[in-house]
1. I'm trying to understand the selection: among the residues of the range 85-137, which are in a loop (DSSP other than H, G, I, E, B) and of a type in the set (A, V, I, L, M, F, W, C)?
2. Any residue in the range 303-314 that is surrounded by 21 or more Cβ atoms within 10 Å (Cβ to Cβ) and either in contact with a His (Cβ under 9 Å, 6 or more places away or on another chain) or assigned to a strand (DSSP E or B) (or both)?
3. Go through (1) touching a Cys at 6+ places or on another chain (Cβ under 9 Å); (2) modelled with pLDDT under 95 one by one and return the number of the condition GLU101 breaks.
4. When you go through (1) open to solvent by 10 Å² or more (accessible area, probe 1.4 Å); (2) small (Gly, Ala, Ser); (3) touching a Pro at 6+ places or on another chain (Cβ under 8 Å) one by one for SER193, which number turns out not to apply?
5. Between a residue in the range 405-422 that is of a type in the set (Lys, Arg) and any residue that is open to solvent by less than 60 Å² (accessible area, probe 1.4 Å), which pairs come within a Cβ distance under 7 Å, given they are 6 or more apart or on different chains?
6. Of GLY377, GLY382, which residue is within 26 Å of VAL292 (Cβ to Cβ), open to solvent by less than 20 Å² (accessible area, probe 1.4 Å) and among the small types (Gly, Ala, Ser)?
7. Got a number for residues in the range 112-131 being over 20 Å from the mean Cα position of the chain (by Cα) and within 21 Å of THR45 (Cα to Cα)?
8. Report, ordered by the first and then the second residue, all pairs with beta carbons closer than 7 Å, sequence separation of six or more or different chains, a first member in the range 203-227 that is at positive phi, and a second member that is assigned to a strand (DSSP E or B).
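The values are calculated or read from the model by the stated rules, or taken from the named source; none is laboratory data. In this text, all values refer to a predicted model and were calculated from it rather than measured experimentally. Positions of Cβ are generated from backbone atoms using ideal geometry, with glycine treated the same way; all protein chains shown enter the neighbour counts. Calculation scope for accessible area: heavy atoms of the full protein, side chains included, ligands and nucleic acids excluded. Shrake-Rupley method; radii C 1.70, N 1.55, O 1.52, S 1.80 Å.
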Amino acid sequence: MAPLLNYFFLCSLLAISSCAAQTSFRPKALLLPVTKDSSTLQYVTRINQRTPLVPVSLTLDLGGQFMWANCYTNYVSSTYRPARCRSAQCSLAKSTACSVECPGAPKPGCNNNTCALMPDNSVTRVATIGDLGSDLVTIQSTDGKNPGRVVSVPKFLFVCGSALDGLANGVVGMAGLGRTSISLPSQLSSAFSFRRIFAICLTSSTNSPGVVFFGNGPYRFLLNTDASSNLIYTPLIKNPVSTASAYTQGDASSEYFIGVKSIRIGEKVVSINKTLLTINREGYGGTKISTVNPYTVLQTAIYKAVIKAFGNALSGVPKVARVAPFGLCFNSTSLGTTRVGPGVPQIDLVLQNSNVFWRIFGANSMVQVREDVSCLGFVDGGFNPMTTIVIGGHQIEDNLLQFDLARSRLGFSSSLLFRQTTCANFNFTSNA
């Protein structure tokens with residue numbers, strides 16, 4: 001009886017009426033399409049919200065604390081409800097702020113006696129304060145191979161935010177997938193009683209979508225390839241200090257950190273200060289994965305060591321003038337081609353031991369900036385960034401990453417190009 005009691009407890013906290021309503025059809029997994037914006041290089045998803053339903057475009061934020069959206073302009077919904085101070089929803093969201101009085105008539109984003117949170121634009125590092133509320137959300141189910149029935153969450157919690165500068169055109173907020181109780185993975189797994197597990201598969205194409213899966217695999221792509229098979233696993237590490245641009249003292253980070261122990265280029269270990277790879281008491285150091293950074297960002301000393309080692313490993317290829325923001329560029333006509341991109345030395349992020357590593361091939365390490373110029377897709381993050389290594393979007397494209405929150409582990413596939421498929425090859429069109 002304990003799992004059942006736990007299920008009803010979570011439902012009561014989230015105040016999601018679908019917990020009872022969905023008993024006739026309970027999906028095992030859900031999905032969202034994700035497109036790459038060619039201008040900002042952000043990954044954008046679309047979710048249907050409100051009554052009547054409106055398609056809402058949101059920038060995907062892997063480590064974001066929750067979903068936030070602009071409620072202040074053209075937000076019309078008969079099912080919007082503010083979260084009242086000291087309610088179960090506010091407790092679940094760990095809100096410590098309460099807006100006692102709002103000037104003018106009550107409306108979404110401006111209600112009396114409503115708890116508040118700080119929606120964070122993680123692209124520009126600007127946070128505001130906004131009301132916590134709930135509204136209807138619908139999302140498509142899947143069997144892992146094809147899209148299925150659309151299901152609803154009548155009281156999905158989100159926050160009103162207004163820091164839209166720097167987001168892709170048409171985007172009205174951010175979809176947070178981070179390690180909190182009200183992120184998309186947490187709310188959806190609670191609403192439909194499946195394991196707290198989700199996977200992202202981002203595409204390098206701006207023409208075809210990648211996908212986020214909520215729930216366990218299989219995750220099948222072209223040629224019936226199950227990208228969740230043969231994953232390599234590494235523990236997810238908690239940073240005890242928030243990495244958000246605004247937070248309450250004592251908050252832990254909602255972002256996903258892994259334990260990189262060393263870096264190899266072409267099988268040779270790069271000489272770096274390994275103390276930078278651990279997280280200290282103040283939350284500095286370590287390695288996290290990000291969907292809002294388009295390229296991997298390295299602390300300056302590590303960046304210089306990686307650039308030098310990679311350049312030495314490709315000493316026979318002509319170097320050309322740097323193209324910002326990159327620091328090492330080559331004449332791409334002198335690079336060979338392989339199934340997994342340009343023929344360059346692989347980069348290994350070595351994890352819990354020397355036999356467990358995330359291998360980055362040419363398609364994910366190199367960026368074609370001009371017809372005949374290709375650059376190493378890593379950028380300098382400065383001498384004292386909060387996080388030493390930030391694995392960015394380009395490096396995780398066409399790789400399946402599965403985040404198992406119940407087991408606190410990351411499963412990763414390495415490049416799907418080796419398996420003759422890509423993250424753009426999920427079948428969104430057929431129910432057969």
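1. CYS85, VAL100, CYS102, ALA105, MET118, VAL123, ILE129
2. no
3. (1)
4. Looking at each condition in turn, SER193 falls short on (3).
5. Final answer for the pair search is ARG409/THR234; ARG409/LEU236; ARG419/THR225.
6. Only one candidate passes the filter, namely GLY377.
7. Number satisfying all stated conditions: 0.
8. GLY215/LEU30; GLY215/ILE197
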